[in-house]
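These notes concern the structure reproduced below.
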Amino acid sequence: MEAIRTDWRGAQLTERQQAMLAFSEKLTHTPGEMKEADVAELRGHGLSDEQILAVVLVAAFFNIATRVADALGIELDPQFTQGTPEYETFLKAGSK
């Protein structure tokens, strides 16, 4: 779980999971560079159009939530803040 959060490239993931994360990363950092080939890549890993839409919506949700929180100075829930006891508990629960 921690490897995915800090650098998903070092995590033990399937090629399909890696493709979804690469797509989400590109959508986050360079949305204007998204092309049909990016969607085709996900289809090549067996994702349906509905599943691709879900990837897009999840990435978009996290992007907007982060930007709103940053803009308003909102502190994240302690379970999502590295170094807090709540974060450690969250990681342990997620690995079960």
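The values are calculated or read from the model by the stated rules, or taken from the named source; none is laboratory data. In this text, all values refer to a predicted model and were calculated from it rather than measured experimentally. With ideal geometry, Cβ positions are generated from the backbone for all residues, glycine too; neighbour counts draw on all protein chains shown.
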Note: among Ala60, Ala37, just one is within 27 Å of Tyr87 (Cα to Cα) and free of Cβ contacts under 8 Å to residues at least 40 places away in the same chain, namely Ala60
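Would you tally the residues in segment 5-25 being surrounded by fewer than 16 Cβ atoms within 10 Å (Cβ to Cβ) and assigned to a helix (DSSP H, G or I)?
11
Within segment 18-35, is there a residue that is among the β-branched types (Val, Ile, Thr) and either within 21 Å of Leu76 (Cα to Cα) or at pLDDT 95 or above (or both)?
yes
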**Message:** Considering only segment 54-65, I want to know if a residue exists there that is modelled with pLDDT under 95 and not hydrophobic (A, V, I, L, M, F, W, C).
**Reply:** yes
Sole miss for Phe61 among (1) surrounded by 10 or more Cβ atoms within 10 Å (Cβ to Cβ); (2) within 18 Å of Glu15 (Cα to Cα) is condition (2)
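Looking only at segment 26-55, filter to residues that are among the hydrophobic types (A, V, I, L, M, F, W, C) and surrounded by 13 or more Cβ atoms within 10 Å (Cβ to Cβ); which one of those is farthest from Arg67 (Cα to Cα)?
Leu47
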Looking at Gly73, is it small (Gly, Ala, Ser), over 20 Å from Phe90 (Cβ atoms) and exposed (fewer than 10 other Cβ atoms within 10 Å of the Cβ)? yes
Within segment 31-40, restricting to residues that are under 17 Å from the mean Cα position of the chain (by Cα) and either among the polar types (S, T, N, Q) or in a helix (DSSP H, G or I) (or both), the one that is farthest from Thr14 (Cα to Cα) is Pro31
